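Report on the following structure.
The values are calculated or read from the model by the stated rules, or taken from the named source; none is laboratory data. Being a predicted model, the structure only gives us computed values, none of them experimental. Heads up, the Cβs are rebuilt from the backbone with ideal geometry, glycines too, and the neighbour counts pull from every protein chain shown. Please note that ligands, DNA and RNA were not included when accessible areas were found on the heavy atoms of the full protein model with its side chains. Shrake-Rupley method; radii C 1.70, N 1.55, O 1.52, S 1.80 Å.
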Amino acid sequence: EVMLVKGAALSTFYYRDPCDRNMADIDLLVPTERARDAVELAEGLAWSIDEAAYKEAVYEGHHHLPPMSDTLGLDIRLEIHTDVLPQGHPLHFGAEELRMRAEHRRTKGGSVVSVPTVEDLLLYSCLHLGWSHEMRDGGWRTIRDVTELIGQPTFSWDRFLGLARDRTLAGACYWTFELAERLCGL
């Protein structure tokens, strides 16, 4: 029931070498009712959660649980998401849509996971930078992700624009593309 999102999906399936996609955390999307099960599974695989943070009010209604720390000293976090944006957001985009269109893909290790379509990943990347981070954090990485995603053989501008327009998200994508063009000539 796990879906790789953001950098986890990009580095696993869209970058030639996973090391080409830097990230500070691994993002997994699970059904809300299975979030605690996911935490318990992760704890059995060398991840730890700060139980005090788990009870903090800031995470009530939040789209992911408090980040889990690796116990191996790799200095990376695991974020277990139950949605893609916080509850009450004004955008027409969410986990159920991603699940509905998701692709099931096999990792190099042989596990089968769900992954958003290339168009959904691009839309998510734009919203994450433009709306969640308010264009303040992760811009260069996002522009690199945009380049990788639109270069995929399965990518369709018609499908992407259809998604963005149907959900009135074109405006939320504008600055990501504008910066990609102005700064990188994309």
In terms of the Cα gyration tensor, with a ≥ b ≥ c the square roots of its eigenvalues, is segment 139-179 rounded because a/c is under 1.5, prolate because a/b exceeds b/c, or oblate? oblate
Please give the net charge around residue 46, taking every other residue with its beta carbon less than 14 angstrom from that of residue 46, where Lys and Arg add +1 and Asp and Glu add -1. -3
Summed residue charge, Cβ within 11 Å of residue 81's Cβ, Lys/Arg positive, Asp/Glu negative: -3
For the chain, cysteines with no other Cys Cβ under 4.7 Å from their own Cβ are listed as 19, 184
Taking the solvent-accessible surface of protein heavy atoms with a 1.4 Å probe, what is the per residue accessible area of the chain in Å²? 54 Å²
What angle do you read, to the nearest 10 degrees and between 0 and 90, between the alpha-carbon axis of helix 118-127 and the longest principal axis of the chain? 80 degrees
Helix 170-184 vs. the chain, principal-axis angle (Cα, 0 to 90°, nearest 10): 80 degrees
Pairs of alpha-carbon atoms within less than 8 angstrom and 6+ residues apart define the contacts here; what relative contact order does the chain have, in percent? 20 percent
Once you have the Kirkwood Rh of segment 1-54 from its Cα pairs, apply Stokes-Einstein at 10 °C and 1.306 mPa s and quote D in µm²/s. 127 µm²/s
Three-way shape label, the chain, alpha-carbon gyration tensor, a/c 1.5: prolate
Mean separation of Cα contacts under 8 Å (6+ apart) over length of segment 1-41, as relative contact order %: 45 percent
Counting DSSP beta bridges with both ends in the chain, the antiparallel % (nearest 5): 65 percent
Between residue 46 and residue 71, what is the spin-label point distance in nm, taking each point 7 Å from the Cα along the Cα→C-beta axis? 1.1 nm
Tally Lys and Arg at +1 and Asp and Glu at -1 over the other residues with C-beta under 11 Å from the C-beta of residue 101: what net charge comes out? -3
Exposure of residue 144 as accessible area (Å², to 10), given a probe of 1.4 Å and all protein chains: 100 Å²
